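The values are calculated or read from the model by the stated rules, or taken from the named source; none is laboratory data. In this text, all values refer to a predicted model and were calculated from it rather than measured experimentally. Ideal geometry is used to build each Cβ from the backbone, glycine not excepted, and the neighbour counts take in all protein chains shown.
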Amino acid sequence: MRGRLIVAGAVAALTVMLVLTLTPLVLMFTTSLKPTGTLFQRAQQVLVADFETGALNSIGGPIEAEVMGDASVEKEFLPAEPVPGQNRVMAIHYRRQEGGAARWLTRIAQDMRKFAFLEFRVKGQVGGESFTVDLVDLKGRQTSLPITQFLRGGLTTDWETVRIPMKAFNLSLLSPGLPERQAEDLVLSFDEGAGTVVIDEIRFLFRDWTLNNYWDVLISGPFGRYAVNSLGIALVVTFGNLLFSTMVGYAFARREFPFKKLAFFMIIGSIAIPPQVLMVPVFILLKHLGWLNTYWALIVPNLVAPFNIFLMRQYISKLPMAVEEAARIDGASEFQIFTRVIIPLAQPALAVAGINTFMGSWNTFLYPFLLTNTVEMRTLPVGLALYKSLHGVDWVHLMAGSAITALPVIVVFLCFQRYIIEGLTRGSTVG
Amino acid sequence: MKRIALKRWGLGVVALGLSLLAAPGARLPAASADEVTLDFWELSVGEELMRSLLDKFERQNPGIRIRFQQLSWDYGLDKIITAIAAGNAPDVAELGTDWVAQFSSTGVLKDLTEPLTPVKDQFLLWDPATYQGRLYGVPWLAGTRILFYNRALFARAGLNPDQPPSTWEDLRRAAKAVKALGPEFYGIGLHVGEAYAPWQEFLPFLWGNGGEILDKEWSRCLLDRPAAVEALKFYQSLKAYALVERQPQVNQLFAEGKVGIQLSGSWNFSLIPRMNPTLNFGVGILPKPASDRGTPASFAGGEILVMLKASRHPEEALKLMLFLVQEEQAISIVEAQRNITPTVKSAIHHPYYRAHPEQRLFFEQVRTAVAPPAHPEWVKMQERITRVVEEVILSNRDPEEALKEVTASINRLLVAPQVKGRLSDAAVFATLLALLAGLGIGAWILRRRKGPQGTARLSLSSIGVSLTFLSPWLITFLAFSLTPLLHSLVLSFCRYNLLSSKMAFAGLGNFWEVLKDPDFLRALWHTVLFAGGTIPPTMVLALFAAVLINVKVPFKQLYQAGLFLPVATSVIVIATIFTYLYSPGGLVNRLLQTLHLPVPSPSWLLNTKWALPAIMMMNVWASFGYYMVLFLAGLQTIPIELYEAASMDGANEWQKFWAITLPQLKPIILLATVINTIHAFQVFPEIFAMTQGGPLGATTTVVWYLYETGFHRFDMGRAAAVGYILFLITMCFSWAQMRLFKMEEQG
């Protein structure tokens, strides 16, 4: 009974801790799946124009008219319900003949992939029956839909709410070659004839969830390359550390050589060197080697971490001598003993060193930041920091980039966590 | 070149090991013999557009290839400085206006007076590119600060949404009216807690009021004059209605519709629609002191293209610079970026400006904008002005007194001598070599005098085998730890300007200056606080979680993995998330409000009292999982019999914990403490990514102090001295803890 109570208490306490620990990370993932907004606020819509405040639209862009040939477009604000002093709608008076063009447009500058619908209220007066809705990009490429497709029989003198699914547009025409489907202007192009169209409350409605942010940063953004770099470097550094620190650790645990104590003291000492002390000299050295902005600079100095040597030395010195001695009697050479006996026996400690090194290499920031110059060479944390400062607080993309940076290590840990515990358990008499 | 460098280094072993690795991939093969490759580094345009402009340049100029690097504002300057220090600078670089003087005075920039004089009439903004009457760069893009206001909030507060405030009094009245809308609204955003924004936002008031920073001859500081005092007093009076925050947070809350007015830069035009596409905002030029006096001044900044003296292709580099500043290129940058202004005067007639009349506002503001003095010590002056603004805003300091103090300290800067003299690289390397040799010989003699020991009888072949096993460590340790360590030891005894590479012997001067610098002592205190405040909670939390998981809870793996996750996450990611959690509208404040607890003001990372604890809490969150796993492993090794025996004796869980668990875990707790101590003393990325040592130096730790001294003040010798002091402190701690280990093992 008391045992159960204790377990229940432990579960309760742990669950509280778990929730607190995971909240920031969960926020990161959920934000990365939003079309726009911040960690907490999530915009439902973009109000393009409701004509209540001044001459600009609600985004701050101008409202303009464009005519060609013998045509005219005039804009007029009309008072409207519910508060005629404050609420307004826009009446567009147009006249157009064959060959001309009559267009009403307003700047939106939005990425169309984020939206599910375009919605507005509209009614026609005096012959104004139909027009097309166009989305136009910076270079004038456009995709159009006739309003009659959504209002059978065209406009009437009653208010109607038109809701156009973004899928109906051929968005791939906009800014081809770029990841975004950026529409610069929202345009109403009027048919031949003359009339008046009244519009109000033009808005884009956001999609609920999207993976676009991931595609943006991974495929069209540079994060794909960063991830490849991070992975390659981390794998080579990890492998190097496993091999080399076992070699060195073995020498310290089992062999005698001059200056052994001094050398071991130096290993312990170099764990405590703040990396910032060495920053400039290391930079100058790597420059003389011609290694700046190469993988060499990111790999070679990290191939043998002193902490791993320490770990391996402690673990190997606790291994029973009997197996090695048996092998030696059988005539095995020192190197055979190392590869056939020590490495297999040291596997639990190797798992610990491996995971630690992988995570350390994956997450390290300062040196890769100083030593790399180009997109091709950057690692994920460096790229993420750069992205953060280039794109301000663009939370959704930043969190997608963060998630990409965080995920692989999380996966590695989840796969190997048993190993870590086991390894640490067997080697935990370290020190 | 590689070979010479290594010879100088005198590390035959290193050469042997490294030449095997260095061969492939280190250098790209040149495409053809007569093709010229230029390196160009740039901060403000963006990778995609810049590449297309450069492609165009390459098409027009066959035979010139451009290798280009995109830098960011947060870290770009550090990269340029490091590159110059390492002799690896680009041919052409973009510099912010406020940095040019310091670069030109150290002699790393090429004097371009002759080639640029003929085109001088075509461009604006020459002042920042001029140093002692010579031209060191060509102005490229101009930026200035304008007034952004929330039209919807103005309408709600009964103000005219089409009329931005045009005088100081208007500004105050508008801020007050918006603040009166409710506790979640702020009349105006005031920037603090970072290097640039505070002075860039305050100085327009001073200039508009007829004030100046220095007199014409740069012989005296004028910040204690009435015009300056009046401006700062007015600025302080805005605080009552203000959101006092870092610029990104002000930008963000403005975008969320919580802030009535902010004085800010062009980036908001693209930032606001991205963060909150629905925000209805307007812009105006900055207000002047009163309708009948003063000017609507603003801060004039911008981008200058400079050529580095080390460039081997000055003609081609000049060609590139003049290509980039041309109207066509400048306009396409402006078109993409929105609202930076080209410096080329003819651009005003470009169709782009006819099509976008609202953007002419920037031209209008640039006309009355003022550039800060192009004094080589300006960077230090701006730091001091920023500090005064922060003191007056955050700590309610009396403006007059604060300005008097900063005037005195800037006056001292004006007479401070510059570092002169130079030790050659050869001398430094010779010293290094001597030190290395000395160390080797010293160790050898020491051994000899101790007489032959057990190891002396080892056969050569046995030593050879040992050496083979040790070689990976020997090579990397000698090359990447010991040599740099000695190099920085040499630096610590010298005055060494990172930028100009001027070096002079200084004896113990650096150490002495550092130890008596109150800022350093404060940094040391913060570091000790950080260690003292993070290590115990981390250990207790980790132990608590480990013991709980060990009572055989169901889903053990889940808890274990979940609590460990933050450890696996990059510090940069964590810092990004927590910056937001700690912001005024962030999760932490929301939680506190829900619980009806007081919320710190100004917000966490800007609060001199709470910024460091906030980072400490984050650090505990991010690291306790690691130690938990360590302890969990330790718990598995405790023999179950001990607990069984204790149970038989009638001990309860609590007694068992104190009598068995804790003593058995002691060695592993000590190990964890050593690791944690080392990490705590080296805390840096968190500070770097979150507060940059601010506010008012409240999060300046020793490593941040080191970084700032070396990379922002270019005083590398002193930075090396700081490094050594920190190294010694950490060594002492580690040594003490190792002694404890030993005693445990023996006892």
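Odds and ends about this structure:
- Answer from A:Leu205, A:Leu178 - the residue that is of a type outside the set (D, E, K, R) and at pLDDT below 85: A:Leu178
- All positions within region B:462-476 that are out of contact with any helix residue (DSSP H, G or I) (no Cβ under 7 Å at 6 or more places or on another chain) and at the interface with chain A (Cβ under 7 Å from one of its Cβ atoms): B:Ile463
- Of all residues in region A:102-131, those that are more than 37 Å from the chain's Cα centre (by Cα) and modelled with pLDDT of 85 or more total 6.
- Residue that is surrounded by the fewest Cβ atoms within 10 Å (Cβ to Cβ), among those in region A:360-379 that are more than 7 Å from every other protein chain (Cβ to nearest Cβ) and under 22 Å from B:Val683 (Cβ atoms): A:Gly360
- Total residues in region B:483-505 satisfying the condition of being farther than 25 Å from B:Thr701 by Cα and either surrounded by fewer than 22 Cβ atoms within 10 Å (Cβ to Cβ) or polar (S, T, N, Q) (or both): the figure is 6.
- Scope region A:276-325; condition within 7 Å of chain B (Cβ to nearest Cβ) and small (Gly, Ala, Ser); matching residues: A:Gly290
- Those helices (runs of 4 or more DSSP H) of region B:582-675 in which at least 3 residues are under 30 Å from B:Arg522 (Cα atoms) and either more than 14 Å from chain A (Cβ to nearest Cβ) or among the acidic types (Asp, Glu) (or both), considering only elements entirely within it, cover B:611-636.
- Among the residues of region B:68-91, just one is more than 8 Å from chain A (Cβ to nearest Cβ) and either over 23 Å from the mean Cα position of the chain (by Cα) or of a type in the set (Ser, Thr, Tyr) (or both), namely B:Asp91.
- The set of residues in region A:222-250 that are farther than 24 Å from B:Phe469 by Cα and among the β-branched types (Val, Ile, Thr) contains only A:Val228.
- Boolean, B:Leu43 is at the interface with chain A (Cβ under 10 Å from one of its Cβ atoms) and modelled with pLDDT of 65 or more: yes
- Against the conditions (1) free of Cβ contacts under 8 Å to residues at least 12 places away in the same chain; (2) within 12 Å of another protein chain (Cβ to nearest Cβ); (3) of a type in the set (Gly, Ala, Ser); (4) more than 28 Å from B:His679 (Cα to Cα), A:Gly269 satisfies every one except (4).
- Considered as a group, the residues in region B:139-178 that are of a type in the set (Lys, Arg) and surrounded by fewer than 20 Cβ atoms within 10 Å (Cβ to Cβ) include one that is farthest from the other protein chains (Cβ to nearest Cβ), and that residue is B:Arg172.
The rows are residues; the columns are (1) under 30 Å from A:Tyr226 (Cα atoms); (2) of a type outside the set (A, V, I, L, M); (3) surrounded by 21 or more Cβ atoms within 10 Å (Cβ to Cβ).
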residue: A:Arg254; (1), (2), (3): no, yes, no
residue: A:Ala263; (1), (2), (3): no, no, no
residue: A:His288; (1), (2), (3): yes, yes, no
residue: A:Ile342; (1), (2), (3): no, no, yes
residue: A:Ala346; (1), (2), (3): no, no, yes
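- Extreme residue, surrounded by the fewest Cβ atoms within 10 Å (Cβ to Cβ), among residues of region B:676-704 that are part of a helix (DSSP H, G or I) and of a type in the set (Gly, Ala, Ser): B:Ala689
One line per residue, one yes/no per condition, for (1) more than 30 Å from B:Lys239 (Cα to Cα); (2) of a type outside the set (Ser, Thr, Tyr); (3) crowded, with 18+ Cβ neighbours inside 10 Å:
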position	(1), (2), (3)
B:Leu592	no, yes, no
B:Ser603	no, no, yes
B:Leu606	no, yes, yes
B:Trp610	no, yes, yes
B:Phe657	yes, yes, no
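- Residue selected from region B:679-711 under the condition aliphatic (A, V, I, L, M) and more than 18 Å from B:Gly533 (Cβ to Cβ), by the criterion nearest to the chain's Cα centre (by Cα): B:Ala689
- Matching option when the condition is more than 13 Å from chain B (Cβ to nearest Cβ) and at pLDDT 90 or above, among A:Val228, A:Val237: A:Val228
- Some residue of region B:551-559 being among the basic types (Lys, Arg) and either more than 21 Å from B:Leu665 (Cα to Cα) or not assigned by TED's automatic domain parsing to the domain that holds B:Pro685 (or both): no
- Wholly enclosed helices (runs of 4 or more DSSP H) of region A:327-420 bearing at least 2 residues touching a residue at least 40 places away in the same chain (Cβ under 8 Å) and among the polar types (S, T, N, Q): A:347-363
- Selection status of B:Val514, within 12 Å of chain A (Cβ to nearest Cβ), in a helix (DSSP H, G or I) and of a type in the set (Val, Ile, Thr): no
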